[in-house]
Structures are given as C-alpha cells and as structure tokens.
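Right, one structure below, let's go through it.
The values are calculated or read from the model by the stated rules, or taken from the named source; none is laboratory data. Predicted model, so just to flag it, every value in this text is computed and none were measured. Cβ coordinates were reconstructed from backbone atoms using ideal geometry, including for glycine residues, and neighbour counts include every protein chain displayed. When the accessible area is computed, the model is the full protein with side chains, heavy atoms only, and any ligands, DNA or RNA have been set aside. Shrake-Rupley method; radii C 1.70, N 1.55, O 1.52, S 1.80 Å.
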Amino acid sequence: MIDFELPTELALLRDTARAFAEGRLRPRERVSEAERGVGDELLRLHREIGLAGVGWPEALGGAGLGALAQALVREELAAADAGAALALDPLGAALDALRIFGGDEALERFAAPIVERRGARALLVYDAAPHVETHSGLARGTIAWVPADRLDLVVVLERERAYLVADALRFEARRGAGLRAAGASTLHIDGAPIVAEWVSTPGARAALAAARLEVAALLVGVARRAAEFSRAYALERVAFGRPIAHHQALAFQIADMAGAVEAARHLVIDAAWRIDSGLAADEACATAFVECVEASMFVAPRALQILGGHGFMQDHPVEKYLRDARALGLLAGGVDLSREDASRAIVASRGAIALAADDPLEGIEA
Amino acid sequence: MDLSLDDRLRQRLLRVRELGRSEMRPLGLEADRLGRPLPADHPFFERLVALGLGRTRWSGEGEAGGAGGGGTRAVVQLAEEMAYWDRGVAVAFPGPGLGEAPLLALGSEEQRERFLGPFRSPDRPHWGALAMTEPGAGSDVAAIRSRARRVDGGFVLDGEKSFAANASRADWIVVFATVDPALGREGHRAFVVERGSPGLGNFHVEHKMGLKAYESTSFTLRDCFVPDSNLLAGNDPSARRSGFSGALRSFNSTRPAIAAMAVGMGRAVLDESVAFARAHGLLRSIRVQDRLERMRRKLRASRWLCLRAAWLADLRRENQLEASMAKAIAPAAALDAAVAGMEILGEVAGRGDTLVEKLFRDVKAMDIVEGTGEIQRIVMARRLVGLPRDTG
Ligand SMILES: Cc1cc2nc3c(=O)[nH]c(=O)nc-3n(C[C@H](O)[C@H](O)[C@H](O)COP(=O)(O)OP(=O)(O)OC[C@H]3O[C@@H](n4cnc5c(N)ncnc54)[C@H](O)[C@@H]3O)c2cc1C
C-alpha cells in the first residue's frame, strides 16, 4: 500500500540534517565559497552528529542506512550549500562503487583509510570518453573539472569497469563554475599506479546509478532552496502597489517552481526506494537525474529573475544557487548520457512501459 | 515508506485491465469514429451493472464508505487504469457521477437514501449528474446566474447550464443556483432536480473535440419547480452557507483522480508510440528515444504527485496544494506526451484514425475540467504566497 510517511528514524535524521544545514552551513555559504572549503570545525561536527556516516556500513563506524536516508540528508545539506555538501562527504558515491565492485574487502582496504583521516576525500569520476588511458598498470590523462582541490583516492568509473588511483595526482586549481566550497580543479593523472581494478558492466551501471542519485538529491536541495528563497523575497518586495508575489504572472511561476521541485523529489524518492527494496533501479536513477537537472534549470533561473537586478548581484545567494545547480548537473556524466541510459529500458522493452517497478501492466502488450 | 501496490488493489487493477482491453478501448474507439456518445441503452452498461459496477460509494450507514476499500489512493490508481483504456467510456459508466460528492457533503440522511439509495445495488443502469458551469460562468463559479426563487413548498429555478456529463440520461442533476445574485457565494444553493421535472429541458448534447463516448450536455431550466425536500442542506443554515465551498471541496477531493486519469491517458500514448516506433524501426533514433524518455519521466513524476495528494487525503491531512499541483502538472505532461506521440507517428497520425490521435484530442480536456490549470495555480499560489482573491 502506497505510504509516503518516513519512518521515525529517517524523519529524525532529516531534521538533524536540516538543523545542521540551516544553522551551520547556510550562514557561511559565501565564506565557504570564498575559502573553498568548510573548515575543520564543520567537518568534525558533521561527523560527530552522524551525518557523515549515514550510508557507511557499521564496520566503518557508520549507520548503515540506505539510499533513501542518504538522499534525504543530501537534499537537506544542499538546500543550504551544495558545495559544502560535497566537501563534507569524504566518500560520496565512491562508497557505492567500492561496495558494488569490491564488497566488504574493498571498503576495508580503500574506504576505511579515507574515513579514518578527517579531511581526507575520495571522489568518483565518471570517465565515459575516456579521457584517462590505462596501460601497464598506470593511468594517464586529464579530467577537465573535479569539484575538489585535492583528493586522496579517485574511483575512475567507465562503462564496463572501475579502477582506483591515489598517487601521482596533480590538481590544477580552477575558479570553478559553481560548488566552490568543495574546491575546483583540473585533475591531471600523471602515470598513476592503478591500485585496484574491477570489470563488470552491471557493476558499472549500478555504480553510475548511485552517482546519479547522489547528484539528483543534491539538485533537489538546491532547487528547493532557490524556490523557497525567491518565494520569501516575492512576498517582501513591493512593485505597483503590492507584493510582487501577488502579481499573477509571478504567483503562477512560484506555483510552477514548487511543482517542479516536488516532481523531481518524487523521482529521487522513487529511485531510492527501489534501491532500498532491492528492485532494478538503474533506469530510475537515470530518470531522476534527468528530471532533477531539468527542474533545477527551470527553477534556479526563475528564482534569480524574481529578484530582478538584485538577483544578479552577489549580495543575494540566488546567483550562487543557479551556478551550483548548473555545475552539479554536469557531474556523473551529465544529462545526455543519463537520458540515453534512461531510454535504454524503453528500447529493450517488449510491450507496454511500466511506470513503476510493480506496475500491474508491466510487460503487457497494449 | 512504501511505494508498492498491495495485492488487493493489484487484483482490482487487473480486473479493470481485462474490462478495459476487451470492452472499454474498443467502445471508445467506436464512439469516437461515430462521433456520438454510447447510448444509454447500450448493453455494455447492463453488463457493468451485472458486474456490480455503477454503484455509489455511500454505504447507507451514515458516512461514505471507502470506495470499495483502499481510500483515495485506490480511487486514484483505478482512475488511472480506467483512463488508460478509455477515459470517455469511464465517464459514461452508470453511477451517481459528480453528483455524489455534494450529496455526501450536504445531503440529509433522507436525501442520500432517496437519491443515492437506488445506486446501492441497482438492477439496471442509473446516472446522476452535476451542473455547475453556465454559459457565462465556468472558472468563476461565484458568477453563476441561474436563479432560485422561493415559492410555496419549494423553489422555482431559471437558468442555463453547460457541459454537464450524463445530464440527459440522469435520474437527477445536482444544480447550483443562486437565491440572490447580490449575495454572491452566500446566495448559492444546491438542488437535486429530478428527471421529468417540468421546465427542465432543451437538452443539447455538445459536439466535442474528443472524449466523445460520454455526453456533455447543456440544458435550460424554465420555471422549474423543485420541492423543499430537494434542497441540499435545506434546514441547516451553516451547512447551507458552506454549500458553495462544499461544492468546491468536492472538486478538491477529485482533483488527484482527474490528474491520474491524465496520467493513464498519457501512458496509453506512450505505449502506442513505443509500439509504433518499434514496428517502424524508429526506436534506434535518438530523437525518438528522447521523446519517449521524456514522456515516461514526466508521467511517472505526475503519478507520484497524484498518489501523494491522495495519500494525504486518506490521512485527512491538508492536501489542497498537493492536489492542485497534481492537477496542474499531470494534464500538461499527458498533452506533451500526445503531442510527441503524434510526432513519432508522423503523417500516420495526420490521417486522424489512430489511437494516439484520438488521445491527443481526448486529453486536452483534462486541463480544463474540474478547475483549469490556471485555477490550480491560483489555488497553489494562495497556499504558497497568500495570493489575494482579487488577483485570482
Ligand atoms: C469535457 C468537459 C466536461 C465537463 N463536464 C462538466 C460537468 O459535468 N459539470 C459541470 O458543471 N461542468 C463541466 N464542464 C465545464 C468545466 O468545468 C468548465 O469548462 C471549466 O470550469 C472552465 O470554465 P469555462 O469553460 O467557462 O472557462 P472560463 O472560466 O471562461 O476560462 C477561460 C480561460 O480563462 C482562464 N481564467 C479564468 N479565470 C482566470 C483567472 N482568475 N486567472 C487566470 N486565468 C483565468 C481559464 O483558465 C481559461 O483558460 C466540463 C467541461 C468539459 C470541457
């Protein structure tokens, strides 16, 4: 029976994340952006209140919660500062990739050292092209942009395999279009020894799905915040004798923005629920990613527009939300590849397309 | 958190699918081809009644029952499935129709018994109807001009009503009229006007762009006498005051279901388009894939919005924002799907004889009935930014 109620545990977790995000991240969103980091104090606190380890297995000192829990936390953190959300998460989707490809052993070997050292960070990079070549156990190539100033481990994910590099990484600092709190650089991999490698197409798909879901959840947060900020502003700002929110043209936009955020969030919840229920979820994650990119590019520019000229100025955060959202959508291989993967299920299906995993019409010829 | 179907609902959906495939879809296509509604004496309606369909959800013991269990969520999912096969035929189904909600919200026990009782286990098809819209008042329901003048023992109604579903075949029509236009909404009353009432007539079945399987009927009331006993909430001033908002509330509770019907119609477009693309070797085209992907994504998101609004309704939580959100978004997603579906079929769609083309004509109505997309945005904006009434 359809039931959207969060279990108490998850509702509490979401509230904790929200309080941390609003109380700690939001007040310093411009500081984190300028300093390209969140600082030790926040890293410690984030870890201490249990937000860092939501998805880590208990062996790593985490809570061992599932995709939905992680999506909820990511949305909340990104609703304050998406760059900070990335900076605070030492593993991100690298955790999923390690678990999917290498199981407990890989987590023990590669994730545990990252988790044990505060400030250490691993990142999953999806390299579809590929831009990095491997030869005789060494990796060489350049990733034009990673949202980081330094990394201790890089999981390079391709269509059919994943491999790890940790040394001989060179970070060329960049300004970054957005997400600067996480850092921004061009990653040069200069003959880095491949520490581990796994080949598995289903594994690669699942790891990519997890990476997409991570970004999608962050996008929901940014879009929600942009919509919320501009809604509040529209109630304060007066033009032509009334709050601008009470001009129907803007009122309708505000309604549509709220709808776009909600629709996108439901696709994230849908995908996360499928993962947690052990159902096929690759297509759902790809679909959620596409929708979240679209929704964020619908909402964030309108949010800025609602502030008019003030929105363009950096005194207000909406221009940052727009840049952060745009930058996020370029991660995990970007929207075109995601759309391609989402349509694969359609091409492969025999008859009718089920909308939900347990749709009664699944596989029925219309 | 649970996003799965329970088995009971799955069984009900499978039964709808059987009926949909074997009867609803072919009948809908036939009505569309002939350009006229299924006649009231169509044997299909007899069969539905024999199957136990066409009944009221009123249990006869006080409150309304849960529509056969499962609450609004089940209603929404069943509505989607019915509309997948044919939304026009689904509206033509016998039953109290849109008139049921005001009877449940405003009717006395005696009135429910009298008007909904015959729908409890009918031996032949019966219909009810609701007539709110007038030539001069649709979205702006407060502007209705049909007059109700008090006379000995009741009221005399005068006015014109538009587009009421199943009105000419209905046993009764819940008609909204005003006792004094100067009173605005305070003056609104709901009357049950029975078939054959003198002065009720001029039934005109409209010619529609789509959804041809059911009748959308305009009619007039001329010195039409309605006894006091047919005035809903007649003896209860506070309930009477709420007559107007009661009518609106009844729309509120149905918005997620209307939105879900749009999802069902969009899904039918998607399936037809996929089948066509496969049969014609178009599935490898990236452009076609993109269109199909977008259709499915928007429809899936819409479905969740409908279910969320329904879930809130089942918990008796505030759901106005969510219900209007679903109703604002799903019909647009379904129309988008139909537009893209027509593109995939190309000139074949241009022939005017395919299901996708029919769905394209059918689905536009979903953004109009039970509150246009604009009206939904007004409702949402009231919730979100307190949009004052003079702008809405
Ligand atoms: C297939 C079908 C079946 C129907 N069945 C029934 C039925 O069974 N019973 C019944 O009573 N009615 C029925 N209707 C009528 C339906 O409810 C009305 O058509 C609908 O409410 C819109 O009213 P209208 O047609 O008068 O348009 P109008 O109210 O004249 O609206 C015209 C346009 O103006 C927009 N608009 C209006 N006010 C505003 C505003 N404040 N701000 C911005 N935009 C605005 C509308 O959104 C619309 O785009 C049916 C209609 C159709 C198409």
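Taken across the stretch A:189-198, residues that are among the aromatic types (Phe, Trp, Tyr) and more than 30 Å from B:Trp311 (Cβ to Cβ) do occur, with at least one present. Here the helices (runs of 4 or more DSSP H) wholly within the stretch A:252-344 that include at least 1 residues being acidic (Asp, Glu) are A:282-306, A:318-328. Of the residues in the stretch B:307-317, none is surrounded by fewer than 19 Cβ atoms within 10 Å (Cβ to Cβ) and within 16 Å of the ligand (Cβ to nearest atom).
Out of the residues in the stretch B:190-210 that are open to solvent by 10 Å² or more (accessible area, probe 1.4 Å) and within 11 Å of the ligand (Cβ to nearest atom), which is farthest from the other protein chains (Cβ to nearest Cβ)? Even if it seems obvious, please write down each step before you answer.
Applying the first criterion (open to solvent by 10 Å² or more (accessible area, probe 1.4 Å)) to the stretch B:190-210 yields B:194-209.
This time we only want the ones that are within 11 Å of the ligand (Cβ to nearest atom), so: B:206, B:208-209.
On the way: B:Glu206: 29, B:Lys208: 24, B:Met209: 23 Å.
My answer is B:Glu206.
Criterion applied to A:Ala239, A:Ala251, A:Ala210, A:Ala204 was being out of contact with any strand residue (DSSP E or B) (no Cβ under 8 Å at 6 or more places or on another chain) and closer than 24 Å to A:Gly334 by Cα, and the one residue passing it is A:Ala210. Of A:Ala207, A:Ala192, all but one fail to be of a type in the set (Gly, Ala, Ser) and part of a strand (DSSP E or B); the exception is A:Ala192.
Within the stretch B:373-387, residues that are at the interface with another protein chain (Cβ under 7 Å from one of its Cβ atoms) reach partners that are small (Gly, Ala, Ser) and in a loop (DSSP other than H, G, I, E, B) with beta carbons closer than 9 Å, at six or more positions or on different chains, in the pairs B:Arg377/B:Gly392; B:Ala381/B:Gly392.
Yes or no, residue by residue, for (1) closer than 18 Å to B:Glu215 by Cβ; (2) within 15 Å of the ligand (Cβ to nearest atom):
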{"position": "B:Leu78", "(1), (2)": "no, no"}
{"position": "B:Asp86", "(1), (2)": "yes, yes"}
{"position": "B:Gly107", "(1), (2)": "no, no"}
{"position": "B:Glu110", "(1), (2)": "no, no"}
{"position": "B:His126", "(1), (2)": "yes, no"}
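Screening B:Leu355, B:Leu299, B:Leu359 for residues that are free of Cβ contacts under 8 Å to residues at least 60 places away in the same chain and either among the hydrophobic types (A, V, I, L, M, F, W, C) or more than 9 Å from chain A (Cβ to nearest Cβ) (or both) leaves exactly one candidate, B:Leu299. The condition of being surrounded by 20 or more Cβ atoms within 10 Å (Cβ to Cβ) and within 14 Å of another protein chain (Cβ to nearest Cβ) holds for only one of B:Met82, B:Met1, that being B:Met82. The set of residues in the stretch B:11-33 being among the hydrophobic types (A, V, I, L, M, F, W, C), farther than 11 Å from B:Gly88 by Cβ and in contact (Cβ under 8 Å) with a residue 12 or more places away in the chain consists of B:Leu13, B:Val16, B:Leu19. A single entry from B:Arg36, B:Arg47, B:Arg57 fulfils the requirement of being in contact with a strand residue (DSSP E or B) (Cβ under 6 Å, 6 or more places away or on another chain), more than 14 Å from chain A (Cβ to nearest Cβ) and either free of Cβ contacts under 8 Å to residues at least 12 places away in the same chain or open to solvent by 50 Å² or more (accessible area, probe 1.4 Å) (or both): B:Arg57. Taken over the stretch B:283-296, the criterion of being over 28 Å from B:Met325 (Cα atoms) and more than 8 Å from chain A (Cβ to nearest Cβ) is satisfied by B:Ser285, B:Arg287, B:Val288. Considering every residue within the stretch B:269-277, establish whether at least one is open to solvent by less than 20 Å² (accessible area, probe 1.4 Å), within 30 Å of B:Phe163 (Cβ to Cβ) and within 9 Å of another protein chain (Cβ to nearest Cβ). Checked against the condition, which is being open to solvent by less than 20 Å² (accessible area, probe 1.4 Å), within 30 Å of B:Phe163 (Cβ to Cβ) and within 9 Å of another protein chain (Cβ to nearest Cβ), the stretch B:269-277 yields at least one hit. Is it the case that the stretch B:335-349 has a residue that's within 14 Å of the ligand (Cβ to nearest atom), open to solvent by 10 Å² or more (accessible area, probe 1.4 Å) and under 20 Å from B:Arg255 (Cα atoms)? Checked against the condition, which is being within 14 Å of the ligand (Cβ to nearest atom), open to solvent by 10 Å² or more (accessible area, probe 1.4 Å) and under 20 Å from B:Arg255 (Cα atoms), the stretch B:335-349 yields at least one hit. For the stretch B:132-153, the count of residues that are within 16 Å of the ligand (Cβ to nearest atom) and within 14 Å of chain A (Cβ to nearest Cβ) is at least one. Under the condition of being of a type in the set (Gly, Ala, Ser), open to solvent by 10 Å² or more (accessible area, probe 1.4 Å) and under 16 Å from A:Asp149 (Cα atoms), the residues counted in the stretch A:174-230 number 2.
Find all pairs meeting these conditions: Cβ atoms under 7 angstrom apart; at least six residues apart or on different chains; first residue within the stretch A:182-203 and over 16 Å from A:Ala166 (Cβ atoms); second residue of a type in the set (S, T, N, Q). Matching pairs, first to second residue: A:Thr186/A:Thr142. In summary, strands (runs of 3 or more DSSP E) completely within the stretch B:126-185 and bearing 3 or more residues that are of a type outside the set (D, E, K, R) and in contact with a Leu (Cβ under 9 Å, 6 or more places away or on another chain) occur at B:128-131, B:154-165, B:172-178. So how many residues does the stretch B:103-118 have that are closer than 25 Å to B:Ala260 by Cα and buried (at least 24 other Cβ atoms within 10 Å of the Cβ)? Qualifying residue count for the region: 1. For the stretch A:4-36, taking the residues that are open to solvent by less than 50 Å² (accessible area, probe 1.4 Å) and within 14 Å of chain B (Cβ to nearest Cβ), the one that is farthest from B:Leu13 (Cα to Cα) is identified as A:Leu13. Only residues that are in a strand (DSSP E or B) and either farther than 18 Å from A:Ala327 by Cα or over 20 Å from the mean Cα position of the chain (by Cα) (or both) were counted in the stretch A:140-189, giving 20. Kindly indicate whether any position in the stretch B:159-176 is away from chain A (no Cβ under 14 Å) and more than 16 Å from the ligand (Cβ to nearest atom). Scanning the stretch B:159-176 turns up no residue that is away from chain A (no Cβ under 14 Å) and more than 16 Å from the ligand (Cβ to nearest atom).
Considering the conditions (1) more than 28 Å from A:Asp341 (Cβ to Cβ); (2) in contact (Cβ under 8 Å) with a residue 12 or more places away in the chain; (3) more than 12 Å from chain A (Cβ to nearest Cβ); (4) surrounded by fewer than 22 Cβ atoms within 10 Å (Cβ to Cβ), B:Pro331 is excluded by exactly one of them, (4).
Report whether or not A:Arg109 is over 18 Å from A:Ile194 (Cα atoms) and open to solvent by 20 Å² or more (accessible area, probe 1.4 Å). Spelling it out, it is not the case that A:Arg109 is over 18 Å from A:Ile194 (Cα atoms) and open to solvent by 20 Å² or more (accessible area, probe 1.4 Å). Can you find a residue in the stretch B:350-370 that is more than 12 Å from the ligand (Cβ to nearest atom), among the charged types (D, E, K, R), within 21 Å of B:Arg296 (Cα to Cα) and open to solvent by 50 Å² or more (accessible area, probe 1.4 Å)? So far as the stretch B:350-370 goes, no, none of its residues is more than 12 Å from the ligand (Cβ to nearest atom), among the charged types (D, E, K, R), within 21 Å of B:Arg296 (Cα to Cα) and open to solvent by 50 Å² or more (accessible area, probe 1.4 Å). Selection within the stretch B:135-148: residues that are charged (D, E, K, R) and within 16 Å of B:Ala190 (Cβ to Cβ). The member of this set that is most open to solvent (accessible area, probe 1.4 Å) is B:Arg145. Scanning the stretch B:77-135 for residues that are free of Cβ contacts under 8 Å to residues at least 40 places away in the same chain and closer than 30 Å to B:Leu29 by Cβ returns a single hit, B:Thr133.
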